[in-house]
Amino acid sequence: WAVVFAAIAVAATGVTTAPLSHTPTRKQPKLPSLAMIPEAVSFAFVCGVNPLVGVWTTVIMGGVAALFGGRGGVMTGASGACAVVMVSLVMSKGPEYLPAGALLAGLFQICVGLLKGGKFIRLVPYPVSLGFVNGLAIVIAKAQWSHFNDPVTGQLLTGARGATMFGLTAVTAALIKLIPFITNAVPASLLSIVIVTVVAKVLKLPVTTLANMAGAETFKGGLSIIPSLTLPAVPFTLATLAEVLPYSITMAAVGLIESLLTLQLVDGLVDDGTQGSTSSECLGQGLANVASGLTGGMGGCALIGQTLININSGGHRTPHTAHRTPHTA
């Protein structure tokens, strides 16, 4: 779990340090989807649901948003920004309310797109967007701090387990920063997880694994893990709407802000003389969240860090750029 936490925290805080302009080159097309996997699993744990929910959310949202979004190259999937909004709903009402919240948030985003409200993102000053992204990193990190506490006593982990937890977190964070100086052939977050996991296994360190957290059955594979199209399993009453509505409005707003900021980032990085459509991006994100809600997903938005990887891999060159997470999942 220390590995997962470090991948989230460093990826979130590091996205604002990327160069504002460069010449994208075509590299390995599977890089973006590989980079999506650790974050999809991690954000599912942030939200308090099964990791497969995060993976399938990324698969479904990535395809729908790529088809209907504002421009090619923007990567969409399970998001920490949306996860930290919805975690309170999951804890108070249960995970079955999460797809309902994502579905309702998607409907709000579709309305914003139809009303062409996305254009107002261009009025947001750069320092505000910088603070927004870094603020998300702080919120995500804070949401994960409970995993550094002993589940029995609630106190900070000490002894061998505490040393292992903090040590692996620090090593993973360092690797995520250092690996790009050595190679860009594999996403730094994914390679860091592989390296530290192998070290933990070889040295037989006292660590908690994803299988310990979610159960070994979660990772058995097979057709049984494929989500089905169904309405959220919640009562369709005004009381349910009152419970879900505040979270959905917040999720819709946060998701659109991050998605539109990502769209602006791509416009700046890809010097092709065109600009993405903010209205189409709102519609694409809304449809993606509706699809996620109808398949038991957790919802999400565009992801700045993974979009940068996609642009570097030449993913902006086609209008319907969708990552290949279905193949790698």
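Count, please, the residues in region 129-166 that happen to be among the hydrophobic types (A, V, I, L, M, F, W, C) and either touching a strand residue (DSSP E or B) at 6+ places or on another chain (Cβ under 9 Å) or closer than 20 Å to V196 by Cβ (or both). Full working, then the answer.
In the first step, residues of region 129-166 are kept if they are among the hydrophobic types (A, V, I, L, M, F, W, C); the result is 130, 132-133, 136-141, 143, 145, 148, 152, 156-157, 160, 163, 165-166.
In the following step, the residues that additionally are either touching a strand residue (DSSP E or B) at 6+ places or on another chain (Cβ under 9 Å) or closer than 20 Å to V196 by Cβ (or both) were identified as 140-141, 145, 148, 156-157, 160, 163, 165-166.
Matching residues across region 129-166 total 10.
This table checks each residue for (1) out of contact with any Phe, Trp or Tyr (no Cβ under 7 Å at 6 or more places or on another chain); (2) surrounded by fewer than 18 Cβ atoms within 10 Å (Cβ to Cβ); (3) more than 23 Å from P246 (Cβ to Cβ); (4) not hydrophobic (A, V, I, L, M, F, W, C).
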residue: G94; (1), (2), (3), (4): yes, yes, no, yes
residue: L98; (1), (2), (3), (4): yes, no, no, no
residue: L107; (1), (2), (3), (4): yes, yes, no, no
residue: K119; (1), (2), (3), (4): yes, yes, yes, yes
residue: L136; (1), (2), (3), (4): yes, no, no, no
residue: K142; (1), (2), (3), (4): yes, yes, no, yes
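Okay, residues lined up against (1) of a type in the set (F, W, Y); (2) closer than 28 Å to G69 by Cα; (3) in a helix (DSSP H, G or I):
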residue	(1), (2), (3)
G131	no, yes, yes
L136	no, yes, yes
S146	no, no, yes
T153	no, no, no
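Inspect region 77-84 for any residue being open to solvent by 20 Å² or more (accessible area, probe 1.4 Å) and at pLDDT below 90 and give the result as yes or no.
First pass over region 77-84, keeping only residues open to solvent by 20 Å² or more (accessible area, probe 1.4 Å): 84.
After this cut, where a residue has to be at pLDDT below 90 as well, the list is 84.
Yes, there is a match, as at least one residue in region 77-84 is open to solvent by 20 Å² or more (accessible area, probe 1.4 Å) and at pLDDT below 90.
Results for (1) within 30 Å of S280 (Cα to Cα); (2) out of contact with any helix residue (DSSP H, G or I) (no Cβ under 6 Å at 6 or more places or on another chain), shown as yes or no for each residue.
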{"site": "G131", "(1), (2)": "yes, yes"}
{"site": "V139", "(1), (2)": "yes, no"}
{"site": "H147", "(1), (2)": "no, yes"}
{"site": "A170", "(1), (2)": "no, yes"}
{"site": "I176", "(1), (2)": "no, no"}
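Can you tell which of G299, G305, G284 is in contact with a helix residue (DSSP H, G or I) (Cβ under 6 Å, 6 or more places away or on another chain) and at positive phi?
Values: G305 fails: at positive phi; G284 fails: at positive phi.
None of the other options fit; the residue is G299.
Enumerate the pairs (first residue in region 232-246 and assigned to a loop (DSSP other than H, G, I, E, B); second residue anywhere and surrounded by 19 or more Cβ atoms within 10 Å (Cβ to Cβ)) with beta-carbon separation below 7 Å, excluding pairs fewer than 6 apart on the same chain, so at least 6 apart or on different chains.
Hits for this filter: P232/P99; P232/A100; P232/L103; P232/G293; V234/Y97; V234/A100.
Considering only region 185-215, how many residues are in a helix (DSSP H, G or I), of a type outside the set (A, V, I, L, M, F, W, C) and open to solvent by less than 70 Å² (accessible area, probe 1.4 Å)? Even if it seems obvious, please write down each step before you answer.
Keep residues of region 185-215 that are in a helix (DSSP H, G or I), which gives 188-202, 210-214.
Keeping just the survivors that are of a type outside the set (A, V, I, L, M, F, W, C) gives 189, 192, 197, 201, 212.
Still in the running and open to solvent by less than 70 Å² (accessible area, probe 1.4 Å): 189, 192, 197.
Number satisfying all stated conditions: 3.
Could you check, for region 56-68, whether at least one of its residues is in contact with an Asp or Glu (Cβ under 6 Å, 6 or more places away or on another chain), open to solvent by less than 30 Å² (accessible area, probe 1.4 Å) and modelled with pLDDT of 65 or more?
Taking region 56-68 and keeping what is in contact with an Asp or Glu (Cβ under 6 Å, 6 or more places away or on another chain), we get none.
Taking every residue of region 56-68 in turn, none turns out to be in contact with an Asp or Glu (Cβ under 6 Å, 6 or more places away or on another chain), open to solvent by less than 30 Å² (accessible area, probe 1.4 Å) and modelled with pLDDT of 65 or more.
Restricting region 260-308 to residues that are of a type in the set (S, T, Y) and more than 27 Å from V244 (Cβ to Cβ), which is most open to solvent (accessible area, probe 1.4 Å)?
Start the filter on region 260-308 by keeping residues that are of a type in the set (S, T, Y), which leaves 262, 274, 277-280, 292, 295, 307.
Okay, now just the ones that are also more than 27 Å from V244 (Cβ to Cβ), so 274, 277, 307.
Values: T274: 72, S277: 44, T307: 1 Å².
Ranking the candidates gives T274 first.
All but one of (1) at pLDDT 80 or above; (2) over 22 Å from G48 (Cβ atoms) hold for V207; which doesn't?
The number of the failed condition is (2).
Just one of the numbered conditions (1) of a type in the set (A, V, I, L, M); (2) over 14 Å from the mean Cα position of the chain (by Cα); (3) open to solvent by less than 30 Å² (accessible area, probe 1.4 Å) is not true of V124; which one?
Among (1) of a type in the set (A, V, I, L, M); (2) over 14 Å from the mean Cα position of the chain (by Cα); (3) open to solvent by less than 30 Å² (accessible area, probe 1.4 Å), the lone unmet condition for V124 is (3).
The values are calculated or read from the model by the stated rules, or taken from the named source; none is laboratory data. These numbers come from a predicted model, not from an experiment. So basically every Cβ, Gly included, is an ideal-geometry build from the backbone, and we count neighbours across all protein chains shown. To get the accessible areas, we keep the full protein, side chains included, count just its heavy atoms, and leave off ligands, DNA and RNA. Shrake-Rupley method; radii C 1.70, N 1.55, O 1.52, S 1.80 Å.
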